[in-house]
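Remarks on the structure that follows.
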Amino acid sequence: MGSYEAGTEKPATTKWVVTCMVGGVIVGVSLLGAYSSQLGMFWKTRKRNKKPVRVYMDGCFDMMHYGHCNALRQARALGDQLIVGVVSDAEIIANKGPPVTPLHERLMMVNAVKWVDEVIPEAPYAITEEFMKKLFDEYKIDYIIHGDDPCVLPDGTDAYAHAKKAGRYKQIKRTEGVSSTDIVGRMLLCVRERSKSDSHNHSSLQRQFSNGHSPKFEPGSPAATASGTRISHFLPTSRRIVQFSNGRGPGPDSRIVYIDGAFDLFHAGHVEILRLARDLGDFLLVGIHTDQTVSTTRGSHRPIMNLHERSLSVLACRYVDEVIIGAPWEVSKDMITTFNISLVVHGTIAENNDFQKEQCNPYAVPISMGVFKLLESPVDITTTTIIKRIVSNHEAYQKRNEKKGESEKRYYEGKGHVSGD
């Protein structure tokens, strides 16, 4: 009897325990699910409410080059949003001398850099207390960024002294081997040497520019003293190219548009034709001609910037998805097939637009295939335009370079005096 009762009670007890366990698991899972849902909502809300770090960088961005672009890339890495101030023509004239490119062209260039989120036109050359307050209050700027090279006012003082004092200043590394001053000097040097009758010297000079070597001149000669320039010492690395690259290829059904050229002294005309080309497809592939090709087709004094310098400037443009470094002069059928190119385009404004009249038309194949389109260039600017601006006003640019040197000298003398005390 006792054993029978014990036997009948055991299943009931076990059933009750199992029911409680299962119920507990269900309740536990429900509570865990509710907790996880709430936790997820908490993190989403926190992320949504988190204020983005906004950083500010300013500059003249005159004759914009890959050094400017690398500075903007580094600045953007220090925050979530990069706001760029472009100094007005009047401020540049007052502090440095006449700019080569006017404000509207410089704004086009800066807006086209893929790391830039917003642009403030006509920014002051120096960060005054009043303008700094405007940056903090109106533009919600967290930090002001500048390179590790000195930015000196005509009186020899630091243009970023107020930002440093406020504790809202961050510094990036300057890109060595290039500056607007250097590029102006390169152009003046090339133009002066071009006037010489010895074609061998022309070719030799161009090769030295492209290969980053300094040509030898007689001391005191005009070529040796042209703006105190130094020749490009840019050394390309795979890391720098990766930093500038998008890192993604076209999709399986992407419409790939191809455009090629020298893209020397990358300017607003280049930017605008690239913008139009990008609008015609899903992926813009840009071919950049070799130094030798440019020299052969444009003259022995070209290019001013070597192949890798030109490649980085193009890669920094937000409209460009990929580049071919050292693209062939002629667009072949194999090339069109290999890169799955849907359309080949060319602008109406270029250094040499007689290609359709020539026997060796570089676009003969895409034209015969019905995949070539001539685009109306929105801006009438070429590399020659930029060079002519320099040459026609070279004395003013030489004085500008001297003025910059004097300001920097006063700055360093001031620093030396302070440290002496």
Return only the number of the condition from (1) open to solvent by less than 70 Å² (accessible area, probe 1.4 Å); (2) under 25 Å from the mean Cα position of the chain (by Cα); (3) over 14 Å from Gly287 (Cβ atoms) that Arg318 does not satisfy. (1)
Members of the stretch 90-112 found to be crowded, with 16+ Cβ neighbours inside 10 Å and more than 20 Å from Ile386 (Cα to Cα), listed by number: Glu91, Asn95
Filtering the stretch 350-386 down to residues that are modelled with pLDDT under 90 and among the hydrophobic types (A, V, I, L, M, F, W, C) yields Ala350, Phe355, Cys360
Test: residue in the stretch 148-156 that is out of contact with any Phe, Trp or Tyr (no Cβ under 7 Å at 6 or more places or on another chain) and either crowded, with 17+ Cβ neighbours inside 10 Å or aromatic (Phe, Trp, Tyr) (or both): no
Between Val271, Val257, Val286, Val242, which is in a helix (DSSP H, G or I), surrounded by 21 or more Cβ atoms within 10 Å (Cβ to Cβ) and of a type in the set (A, V, I, L, M, F, W, C)? Val271
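Per-residue answers, yes or no, for (1) assigned by the TED database to the domain that holds Gln81; (2) of a type in the set (Ser, Thr, Tyr); (3) modelled with pLDDT under 50:
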| residue | (1), (2), (3) |
| --- | --- |
| Gly147 | yes, no, no |
| Cys151 | yes, no, no |
| Ala161 | yes, no, no |
| Val178 | no, no, no |
| Ile183 | no, no, no |
| Met187 | no, no, no |
| His202 | no, no, yes |
| Thr225 | no, yes, yes |
Residue in the stretch 326-347 that is touching a helix residue (DSSP H, G or I) at 6+ places or on another chain (Cβ under 8 Å), modelled with pLDDT under 95, over 20 Å from Asp291 (Cα atoms) and open to solvent by 50 Å² or more (accessible area, probe 1.4 Å) present: no
Looking only at the stretch 388-395, decide whether some residue is more than 23 Å from Ala262 (Cα to Cα), part of a helix (DSSP H, G or I) and either of a type in the set (Val, Ile, Thr) or at pLDDT below 80 (or both). yes
Pairs, first in the same structural domain as Arg278 (by the TED database) in the stretch 319-337, second part of a loop (DSSP other than H, G, I, E, B) and not aromatic (Phe, Trp, Tyr), C-beta under 6 Å, six or more apart: Asp321/Asn246; Gly326/Thr290; Trp329/Pro362; Glu330/Pro362
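The values are calculated or read from the model by the stated rules, or taken from the named source; none is laboratory data. Because the structure is a prediction, the values reported are computed rather than measured. Methodologically, a virtual Cβ is constructed for each residue, glycine included, from the backbone with ideal geometry; neighbour enumeration extends over all protein chains shown. Note: accessible area is taken over every heavy atom of the protein model, side chains too, but ligands, DNA and RNA are not part of it. Shrake-Rupley method; radii C 1.70, N 1.55, O 1.52, S 1.80 Å.
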